[in-house]
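Below: one structure, written as structure tokens.
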């Protein structure tokens, strides 16, 4: 079977409006042959190129009669998978999900193990910001959400209320795994307070916890 026929035999079964990477055809033939086939399918209107290396079968909206556009977040996830990147939610979003803030991001931003860049889909954009591996631990889980929130809040953002929220949001097993993560000294000290807060009423005294938070060692910004 030719490369063109092999590519089309897969494409025609893909869901319309769902983006995919050209990498899914890596075993079909050479990159040049696959790219040429995808380009021809775009020219014929059977495919739409939504970003570099990302395509989808066109889909028309039953409400507007216009073509459905994929979100930049969907495109981001396709590219991340194709590149072998790890994606973690941004600290600001993690804080919001934990109920510590109501502020929404103006431009969706995520942490990545890949390069810092902006992904566009029409007028919509999503930003990817490269961070250290320490911030990418347990990405996509509640543990990762709490970890990235702690990094975002920093030592100065800790309080009895914050510690209480974190304690309530996690199971004892999740707390155990979180404390096993690589992290700066100031954060590990904060987690000791979380552990104390989970042990009993005496440790949940707001004034006591707030006082201890203020005694945490200075934040390591390196």
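Taken together, the values in this text are just the output of simple stated rules run on the coordinates, not laboratory data. Note that the structure is a prediction, hence the values are computed from the model and not measured. Using ideal geometry, Cβ is built from the backbone for each residue, glycine included, and neighbour counts are taken over all protein chains shown.
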Considering only the range 50-132, percent of DSSP beta bridges that pair antiparallel, nearest 5 | 70 percent
Evaluate the relative contact order of the range 3-68 (contact order divided by residue number), counting alpha-carbon pairs under 8 angstrom at least 6 apart; express in whole percent.
-> 35 percent
Considering only DSSP beta bridges where both residues belong to the chain, give the percentage that are antiparallel (nearest 5).
-> 80 percent
Only helices counted: for the chain, with every DSSP H run of 4 or more residues adding -39500 (n - 2.57) and the sum spread over all residues, [θ] at 222 nm is -13000 deg cm²/dmol
Taking a crude spin-label model, label points 7 Å out from Cα along the C-beta direction, the residue 2 to residue 33 distance in nm is 1.1 nm
Is the range 71-137 best put as rounded, prolate or oblate by its Cα gyration tensor, with a ≥ b ≥ c the root eigenvalues, rounded for a/c under 1.5, and otherwise prolate when a/b is larger than b/c, oblate when not?
-> oblate
What's the angle, to the nearest 10 degrees (0 to 90), between helix 72-83's Cα axis and the longest principal axis of the chain?
-> 80 degrees
Between residue 42 and residue 18, how many nm apart are label points set 7 Å from Cα along the C-beta direction?
-> 2.2 nm
Relative to the chain, whose Cα atoms define the longest principal axis, helix 160-169 and its Cα axis are tilted in degrees, nearest 10, by 50 degrees
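Give the Kirkwood hydrodynamic radius (Å, one decimal) of the range 1-132, defined as one over the mean of 1/r across all pairs of different Cα atoms. If you can, show how the numbers build up before the last one.
On the way: mean 1/r = 0.0611 Å⁻¹.
Every distinct Cα pair counted, the radius reaches 16.4 Å.
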Percent of all Cα-Cα pairs per 5 Å bin for the chain, counting from 0 up to the last occupied bin, reads 1, 6, 12, 14, 14, 11, 9, 8, 7, 6, 5, 3, 2, 1, 0
How far is it, in nm, from the label point at residue 9 to the one at residue 83 when both lie 7 Å from their Cα along the line to the Cβ?
-> 3.3 nm
Computed over the range 112-180, Kirkwood Rh from alpha-carbon pairs, angstrom | 13.8 Å
